[in-house]
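First the structure, in the form of structure tokens, and then the observations on it.
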Ligand SMILES: Cc1ncc(COP(=O)(O)O)c(C=O)c1O
């Protein structure tokens with residue numbers, strides 16, 4: 001923090017050699033040297049000082065035995081959800097999980113049978129597909145549609161495709177990778193459909209705090225009546241404060257029967273318990289770091305504006321689905337005139353930027369890439385310059 005109370009998101013931190021997947025495993029993952037990592041969803045910013053101090057306190061004790069979820073942790077989650085998301089969460093609704101992805105896998109196992117169908121809305125966060133397929137369930141694809149320049153849900157398509165084997169919807173809200181912050185009415189309509197067809201909803205709201213000005217995240221169970229009894233909400237401080245390596249998330253399950261069954265299957269699968277670092281860091285983040293988040297959101301909006309200005313002024317390149325939330329950009333390179341097989345390797349082989357390929361998210365066509373803009377502006381500019389040079393060589 002500087003003397004005007006401003007946090008520094010501009011300094012470039014060299015993350016090489018810090019055991020970072022994004023920076024230290026990029027070469028192995030993409031099979032190329034010299035790539036600028038703008039893939040995977042973590043931020044190149046240092047976490048806020050109170051979080052670092054809380055972690056120092058834990059490490060200075062030198063005691064790393066099994067830890068519990070503390071009443072203070074629960075209270076911090078409750079206060080955060082009330083303050084930032086207008087949702088009154090009861091203490092007993094909160095179930096610890098060492099990550100959202102393991103929790104989603106448990107939910108698929110707990111509330112569906114092998115051969116059942118689980119709805120996803122591609123392009124979408126790829127571990128959703130794995131959670132379904134690797135547990136011998138079937139993916140029911142309900143692709144998003146672009147209407148008036150905005151990705152929308154196609155509920156008519158969904159209702160038509162439902163069968164007696166359809167049991168669950170995996171909702172990504174805000175949506176990774178297209179960056180939609182779903183409006184309350186959109187969620188209500190989806191909710192009504194789920195009530196009508198008795199579907200369980202897994203609402204992955206891990207990006208809930210990362211919303212741009214003018215948009216508001218709606219917690220799914222608050223969007224309509226009858227939703228609390230059928231929804232499991234996945235949240236955490238991990239995206240918001242850049243703590244995903246601490247493996248700490250809060251699964252909020254208002255309905256006691258759903259909660260008990262989730263917990264039973266989690267135990268049967270030996271889902272891991274809390275660790276002292278994740279508990280301390282999450283509590284400190286929720287209690288002391290709201291101002292850091294406010295400034296982070298301002299910085300990310302600045303990055304988004306920078307990308308838009310750069311692409312408008314300097315290249316006939318990708319079209320950008322304007323994100324309403326998340327620090328992820330969904331780039332559409334299809335208008336660049338490149339043939340499909342060239343598009344698939346354009347970003348890494350030609351531009352030298354490691355982006356997540358669109359096909360990972362179940363996009364129907366080649367030509368989409370996901371870019372992570374949670375980095376200092378200088379890094380962002382370097383990435384855009386690399387893409388600009390490559391676009392001009394097409
Ligand atoms: C929608 C979504 N869910 C879950 C995760 C990861 O959750 P966790 O690290 O808690 O397993 C991510 C990370 O990118 C994500 O984008």
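The values are calculated or read from the model by the stated rules, or taken from the named source; none is laboratory data. Just so it is clear, the structure is predicted and the values come from calculations on it, not from any experiment. Positions of Cβ are generated from backbone atoms using ideal geometry, with glycine treated the same way; all protein chains shown enter the neighbour counts.
Here are a few things to note about the model shown:
- Tally, over region 27-41, of residues that are closer than 15 Å to residue 380 by Cβ and within 15 Å of the ligand (Cβ to nearest atom): 3
- When the residues of region 140-174 are filtered to those that are part of a strand (DSSP E or B) and within 16 Å of the ligand (Cβ to nearest atom), the one that is farthest from residue 324 (Cα to Cα) is 168.
- Condition met for residue 92 (within 30 Å of residue 387 (Cβ to Cβ), away from the ligand (no atom under 16 Å from the Cβ) and assigned to a helix (DSSP H, G or I)): no
- When 114, 122, 127 are checked against the criterion of being away from the ligand (no atom under 16 Å from the Cβ) and modelled with pLDDT of 95 or more, a single residue qualifies: 114.
- Filtered residue count, region 73-89, keeping only those that are more than 16 Å from the ligand (Cβ to nearest atom) and touching a strand residue (DSSP E or B) at 6+ places or on another chain (Cβ under 6 Å): 2
- Residue, farthest from residue 365 (Cα to Cα), within region 123-138, restricted to residues that are surrounded by fewer than 21 Cβ atoms within 10 Å (Cβ to Cβ) and touching a residue at least 40 places away in the same chain (Cβ under 8 Å): 129
- When 162, 190, 171, 155 are checked against the criterion of being surrounded by 23 or more Cβ atoms within 10 Å (Cβ to Cβ) and more than 25 Å from residue 357 (Cα to Cα), a single residue qualifies: 190.
- Options 103, 67: the member that is part of a loop (DSSP other than H, G, I, E, B), surrounded by 13 or more Cβ atoms within 10 Å (Cβ to Cβ) and assigned by TED's automatic domain parsing to the domain that holds residue 243: 67
- In summary, residue 352 fulfils each of the numbered conditions (1) surrounded by fewer than 18 Cβ atoms within 10 Å (Cβ to Cβ); (2) more than 22 Å from the chain's Cα centre (by Cα) with the single exception of condition (1).
- Residue check, residue 39 assigned to a loop (DSSP other than H, G, I, E, B) and either at pLDDT 95 or above or surrounded by 12 or more Cβ atoms within 10 Å (Cβ to Cβ) (or both): yes
- Selection count where residues are within 19 Å of residue 207 (Cα to Cα) and assigned to a strand (DSSP E or B), scope region 106-131: 1
- Every condition in (1) in a loop (DSSP other than H, G, I, E, B); (2) buried (at least 19 other Cβ atoms within 10 Å of the Cβ); (3) out of contact with any strand residue (DSSP E or B) (no Cβ under 7 Å at 6 or more places or on another chain) is met by residue 5 except one, and the failing one is (2).
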